[in-house]
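Structure first, commentary second.
The values are calculated or read from the model by the stated rules, or taken from the named source; none is laboratory data. Owing to the predicted nature of the structure, the values given are computational and were not obtained by experimental measurement. All Cβ positions, glycine included, derive from the backbone under ideal geometry; neighbour counts span all protein chains shown. Only protein heavy atoms, including side chains, enter the accessible area calculation; ligands, DNA and RNA are left aside. Shrake-Rupley method; radii C 1.70, N 1.55, O 1.52, S 1.80 Å.
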Amino acid sequence: MTGRSPDQLPSLADFIAASPSPFHAAANVRDELLTAGFADECLSTPGGHVLVNGGAVIAWWVPDNPRPRMRVVGSHTDSPGLSVKPDPDLVREGFHQVAVEVYGGPILSTWFDRDITFAGRVVLRDGTHNLVNTGPVARVSSLAIHLYRGDAPALERQAHTAPILGGGEPFSEVLARAAGVEPGEILAHELVSADTQRGELVGDMLAAGRLDNLSSVWASLRALLRAKDAARDVLVLAAFNHEEVGSASPTGAGGPLLERVLAALAAELGNPAEVFAHSLLVSADAAHSVHPNYPGKHDPTHRPVINGGPVLKINANQRYASDAVTEAEWKRACAAAGVPVQTFVGNNDVPCGSTIGPISATRLGIPTVDVGVPLLSMHSARELCGVRDMEWFTDALESFYRADYR
């Protein structure tokens, strides 16, 4: 393998810090793969290939004389937060603010009193697309407790979430300076909020933003690079955008991006229908740890904990795609890697989230299992995962890619 080894990749905290938007995350995955010898091209020849489309990235490794099946790990690059509106400049009571739209399902209270950057891509008059990261330029400020009595006033998404800018200038000028262009050169933008506080170790846990789901993107990247030289099947990494809002976009799991790549690969391997039927997809997305302060929110017999191992996610109503066959496949991969397995099933009285798993399984017809590392504070601006879980998860995904247990 050319370039650095998988264990010389940036740490998860460094990867998250360098990936404040889906567009940055996809570009960072591509750059790491190019450093490792992958080619920036869409071919089915032996070796590694990578494709970036907006905030999504697909990579695949074709071994010499591969078996007629594919092993896919799917994740997503986006996280809940605040998205900048097309006309972002807002002035109220003498303060310059940023007009934002709530993206996905964030815990909005956690975005207050944080040093916020806005990151993503801008499109210029000449048609070029540039990545941009403003750095810490804004805060959503809380109302001082002295100005109300009793319970805190209800949080209104339109009135109370606009960040206040420092510097006394419109956001359009802040953005242009960050992009290194004149304000009139920017025709459009796609920007999301990110907390600029770096990830920090809290004992044997990592506190950081965007663990849902950059934890899975990072682990699958490491696993792919570790496993590729021993691969017997075609290995695929897919990290989609827009999972937090339903995946229904050209770069989401409900779009055609992965299907087109897999169809081309399957056509080279033999009968595409048979190749798809014998392939397997791991939907890698963050899972819930049991919360010690709210134990009644969890199922009494399925209670994953941080640093207890990766979580197998199951839902009879198909909010997750796992079934008995794919559950057993994941357990075999974990056993081969010496990794413990925990299981999540929702409390019947608590709504269950979903993942790319059911969407991808329905679109592709590939048997799928839903897994992930357990988190606390999911959808907060700052989440919590276990350091040991991340190592175990990477080991399990590497084992799945290698398929030595089959």
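Quick rundown of the values:
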{"item": "Condition met for S109 (surrounded by 12 or more Cβ atoms within 10 Å (Cβ to Cβ), of a type outside the set (F, W, Y), within 22 Å of R92 (Cβ to Cβ) and touching a residue at least 60 places away in the same chain (Cβ under 8 Å))", "result": "no"}
{"item": "Residue within region 230-245 that is touching a residue at least 12 places away in the same chain (Cβ under 8 Å), surrounded by fewer than 24 Cβ atoms within 10 Å (Cβ to Cβ), in contact with a Gly (Cβ under 8 Å, 6 or more places away or on another chain) and not hydroxyl-bearing (S, T, Y) present", "result": "yes"}
{"item": "Subset tally (residues that are at negative phi and either open to solvent by 30 Å² or more (accessible area, probe 1.4 Å) or out of contact with any helix residue (DSSP H, G or I) (no Cβ under 9 Å at 6 or more places or on another chain) (or both)) for region 83-101", "result": "12"}
{"item": "In region 310-325, the residues that are open to solvent by 20 Å² or more (accessible area, probe 1.4 Å) and in contact (Cβ under 8 Å) with a residue 12 or more places away in the chain", "result": "I314, N315, N317, Q318, R319, D323, V325"}
{"item": "Residue check for L376: of a type outside the set (G, A, S), farther than 19 Å from V217 by Cβ, open to solvent by less than 40 Å² (accessible area, probe 1.4 Å) and touching a Cys at 6+ places or on another chain (Cβ under 9 Å)", "result": "yes"}
{"item": "Residues of region 193-246 classified as acidic (D, E) and within 26 Å of V137 (Cα to Cα), total", "result": "4"}
{"item": "Selection count where residues are among the hydroxyl-bearing types (S, T, Y) and open to solvent by 50 Å² or more (accessible area, probe 1.4 Å), scope region 152-187", "result": "0"}
{"item": "The one condition in (1) surrounded by 24 or more Cβ atoms within 10 Å (Cβ to Cβ); (2) touching a Cys at 6+ places or on another chain (Cβ under 7 Å) that M205 fails to fulfil", "result": "(1)"}
{"item": "Selected residue [open to solvent by 20 Å² or more (accessible area, probe 1.4 Å) and either modelled with pLDDT of 95 or more or at positive phi (or both)] from R222, R149, R210", "result": "R210"}
{"item": "Residue selected from region 3-58 under the condition at positive phi and assigned by the TED database to the domain that holds L237, by the criterion most open to solvent (accessible area, probe 1.4 Å)", "result": "G37"}
{"item": "Residue in region 339-351 that is open to solvent by less than 20 Å² (accessible area, probe 1.4 Å) and touching a residue at least 60 places away in the same chain (Cβ under 8 Å) present", "result": "yes"}
{"item": "Hits in region 133-146 - residues which are open to solvent by 40 Å² or more (accessible area, probe 1.4 Å) and either touching a residue at least 60 places away in the same chain (Cβ under 8 Å) or over 22 Å from A381 (Cβ atoms) (or both)", "result": "N133, P136, H146"}
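Rundown of residues vs (1) more than 22 Å from T326 (Cα to Cα); (2) in a helix (DSSP H, G or I), yes/no style:
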{"residue": "P340", "(1), (2)": "no, no"}
{"residue": "V350", "(1), (2)": "yes, no"}
{"residue": "I366", "(1), (2)": "no, no"}
{"residue": "V369", "(1), (2)": "no, no"}
{"residue": "H379", "(1), (2)": "yes, no"}
{"residue": "W392", "(1), (2)": "no, yes"}
{"residue": "L397", "(1), (2)": "no, yes"}
{"residue": "Y401", "(1), (2)": "no, yes"}
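Yes/no matrix, rows are residues, columns are (1) touching a helix residue (DSSP H, G or I) at 6+ places or on another chain (Cβ under 6 Å); (2) surrounded by fewer than 17 Cβ atoms within 10 Å (Cβ to Cβ); (3) under 22 Å from E329 (Cα atoms):
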{"position": "A248", "(1), (2), (3)": "no, yes, no"}
{"position": "G255", "(1), (2), (3)": "no, no, no"}
{"position": "V261", "(1), (2), (3)": "no, no, no"}
{"position": "A264", "(1), (2), (3)": "no, yes, no"}
{"position": "N271", "(1), (2), (3)": "no, yes, no"}
{"position": "E274", "(1), (2), (3)": "no, yes, yes"}
{"position": "S279", "(1), (2), (3)": "no, no, yes"}
{"position": "S283", "(1), (2), (3)": "yes, no, yes"}
